[in-house]
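Read-outs throughout are calculated quantities, based only on the coordinates presented, and are distinct from any laboratory measurement. In this text the structure is predicted, and so the values were computed from the model without any measurement. Because the Cβ atoms are built from the backbone with ideal geometry, glycine has one as well, and the counts that use them run over all protein chains shown.
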Amino acid sequence: MATAGAVVAQIDPKPAVPRMASPNVNIVDIGIARGVWVRIPDSGGQWQNSFSDPIIQIQVSGPTEADVANRTEQAIEAARRSLSELQDGYAVNPAYRITIEKDLYGTRMFDTGPSRMRLRAGILMLGAWLTAAASIVVRGSRRGTDRTVTSTSSAPVAVR
């Protein structure tokens with residue numbers, strides 16, 4: 001665990017990420033649309049740390065799959081270099097060296113583009129708002145022209 005923490009600290013010395021209450025939070029959830037987040041998954045929750053597995057998690061977000069794949073490879077290579085330098089500094093026997101391996105399932109990419117459901121709901125709400133605003137404007141303009149004025153005689157007179 002200490003080695004994984006040292007590698008993360010070398011790759012991302014000052015993470016600008018607050019503590020998360022859930023280990024399932026991803027890079028896009030915290031508002032990073034283009035960047036790299038290197039961390040050790042913390043399964044302890046909001047108030048207590050619990051780093052149970054010596055796993056370094058590298059999350060990358062970007063505008064295209066090619067950009068994300070390229071920066072993911074760069075981050076993995078940076079982790080490998082950092083781990084190698086750390087073990088070289090302690091003269092670790094090659095038979096006992098720690099290695100970095102990709103996840104068994106490979107790199108997983110998720111498209112977090114705009115939601116069609118949210119887009120439709122937004123258009124529906126905009127349409128409802130514009131309809132209500134137009135209705136108010138039309139009613140207001142009609143009120144000013146359909147006034148009834150009573151003269152000194154008792155017959156009403158319509159003024160247009």
Could you tell me which GluC sites (Glu not before Pro) in segment 1-104 are loop residues by DSSP with no more than 12 other beta carbons within 10 angstrom of their beta carbon?
GLU101
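Averaging sequence separations of C-alpha pairs under 8 Å and six or more residues apart, then dividing by the length of segment 26-105, give the relative contact order as a whole percent.
The normalised contact order for segment 26-105 reaches 23 percent.
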For segment 1-97, what are the per-bin percents of Cα-Cα distances with bins 10 Å wide, up to the bin holding the maximum?
15, 43, 31, 11, 0
